[in-house]
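I have placed the structure first, in the form of structure tokens, so that the comments after it can refer back to it.
The values are calculated or read from the model by the stated rules, or taken from the named source; none is laboratory data. In this text, all values refer to a predicted model and were calculated from it rather than measured experimentally. Cβ placement follows ideal geometry from the backbone for every residue including glycine, while neighbour counts extend to all protein chains displayed.
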């Protein structure tokens, strides 16, 4: 596996990811241990245990402003 290339897969301006549910912290631990996920990728992940927390996370993300510019890919 080309680890250098894998480590560069998080694109600048990538959108945040909100993971809802109690199982995600453990899965994220496993993903981090078994895959190449750097600080930039992990910084995009927001964990929420329930719908109320999800709404708080989304509200915070909305108040923090846009995280990316939408443009065509390919």
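Do you know which residues across region 34-62 are loosely packed, with under 10 Cβ neighbours inside 10 Å and at pLDDT below 90? Talk me through it step by step, then tell me what you get.
Let us first name the residues in region 34-62 that are loosely packed, with under 10 Cβ neighbours inside 10 Å, namely 34-35, 39, 51-52, 62.
Result: 35, 39.
Take the residues in region 33-49 that are within 12 Å of the chain's Cα centre (by Cα) and free of Cβ contacts under 8 Å to residues at least 24 places away in the same chain; name whichever of them is nearest to residue 64 (Cα to Cα).
Among them, the one singled out is 43.
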